[in-house]
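What follows is one structure encoded as structure tokens, with my remarks underneath.
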Amino acid sequence: METAAVSQDYRVNIFLRQQWNDPRLAYAEYPDDSLDLDPSMLDSIWKPDLFFANEKGAHFHEVTTDNKLLRIFKNGNVLYSIRLTLTLSCPMDLKNFPMDVQTCMMQLESFGYTMNDLIFEWQENGPVQVAEGLTLPQFILKDESDLRYCTKHYNTGKFTCIEVRFHLERQMGYYLIQMYIPSLLIVILSWVSFWINMDAAPARVALGITTVLTMTTQSSGSRTSLPKVSYVKAIDIWMAVCLLFVFSALLEYAAVNFVSRQHKELLRFRRHHKREEKSKNSGGAVDPVVLADSLRYVNNDNGLKPSDPLYGSMSNIYTSNHREGEVHESMPTSKTAATSTPSNSKDLKASTNNSVTVLSTQGATAKTTQNPPGVAACGGGKSTEEMRKLFIDRAKKIDTVSRAGFPLAFLFFNIFYWVLYKILRHEDVHKQ
């Protein structure tokens, strides 16, 4: 016996034995209780017009001779036995695949004789006998015999029909080794990225894409030996959820990378917003304080430290030149002179971005705006380092939550999946 899920049929090798009574063939002259006749005599006697209603293909066996037997008893009983190989249709419900139980039928029906002329009955003792030691690659054949009657009603009359049902329970060892365990390991492998440093973008992206592609290939391979049905199978749900988990792990790193870079976008927005406000307040003139702050943030973004030669040099030159020009222009017109000692002038030229002094030409007063390194341009906000640490901590928290969240979610799915298909749905199939 052999089954095929793609073509939804099964192939079986049987001995078909039919027995009926024909009083015309009774005899009393011979001492033997039965006579074995040559199979060529079959064309000379009456025999039932039996056929298999769900047959897709069949052939007789003729090696080394015709595998047929014709035996006549004294009382007129006739035994006709023949060996056949049949391919019978077996519509399968694959919703629980590969934890399904299939029922395959064999229907024996009369072709031309109605029930007024011919009625099929199962033999009382051992109507269906299964060969000892019969094994199937993927199924276990249930021992109990399910014998039924399937009388057919057509326009030409009512025809006798009997059927036997074979209950086949699929063994999922092959699918457990080839599909479930590899896909489980691929999902677990995708979680390794949660322990890799968020700055190692090539490693985490490569791992995520590799697991997604591998899971896609595994899912496609699970459907090659199955028919194209419109409903969802148990293996489809498993593969879809596994693919969802590995894809979510890839998206998780995208979220981590996005959150860790948010401080740069926020600082860029703050600087732009402050430049616009300063430009409006100064009537379109460039404020040296804003320019100095902008250069300072450029230095910070480029990784320049206060000890580097280029750090703050442009901002110091610009603010110093601007102050000198402002002083020269304000002295002839200002009512109040602003004086500075040589020592103060040297201090101004040697100063870094820690302070920028602006001389007012109208009030003749000096205003000093303190801008320590790392302070955000919006004023009163958190420092650049604090903001950077805040967003990186948030990104690390996403990884920390994912390390526990993903395994727990997958564990809950496994409990629900196996309880549903191995206990609940399995019992429903047996009840039917």
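A few notes on this one:
- Proximal charge balance of TYR27 [Cβ under 15 Å; K/R count +1, D/E count -1]: -2
- Projected label distance in nm at LYS158 and ASN116, using a 7 Å step from Cα toward the beta-carbon: 1.2 nm
- Of the GluC sites (Glu not before Pro) in the stretch 1-107, the ones in a loop by DSSP (not H, G, I, E or B) with at most 13 other beta carbons within 10 Å are GLU29, GLU62.
- Here the gap between ARG24 and ALA203, fully extended at 0.36 nm per residue and compared with their Cα-Cα distance, gives a gain of 55.6 nm.
- Of LYS56/LYS152; LYS233/LYS397; LYS56/LYS142; LYS228/LYS422; LYS142/LYS422, pairs whose Cα-Cα distance is over 27 Å: LYS233/LYS397
- Computed E for ASN257/HIS59 - FRET, C-beta separation, R0 56 angstrom, nearest 0.05: 0.30
- Separation in nanometres of the label points that stand 7 Å from Cα toward Cβ, at ARG425 and VAL229: 0.9 nm
- Potential lengthening between TRP418 and LYS95 on full extension [0.36 nm per residue; Cα-Cα distance subtracted]: 114.9 nm
- Point-to-point label distance, ASP43-GLN129, nm (Cα→Cβ direction, 7 Å offset): 3.1 nm
Here, each number is a calculation from the coordinates, and none is a lab measurement. Given the structure is predicted, the values throughout are model-derived calculations rather than measurements. Reconstructed Cβ throughout: ideal geometry from the backbone, glycine too, with neighbour counts over all protein chains shown.
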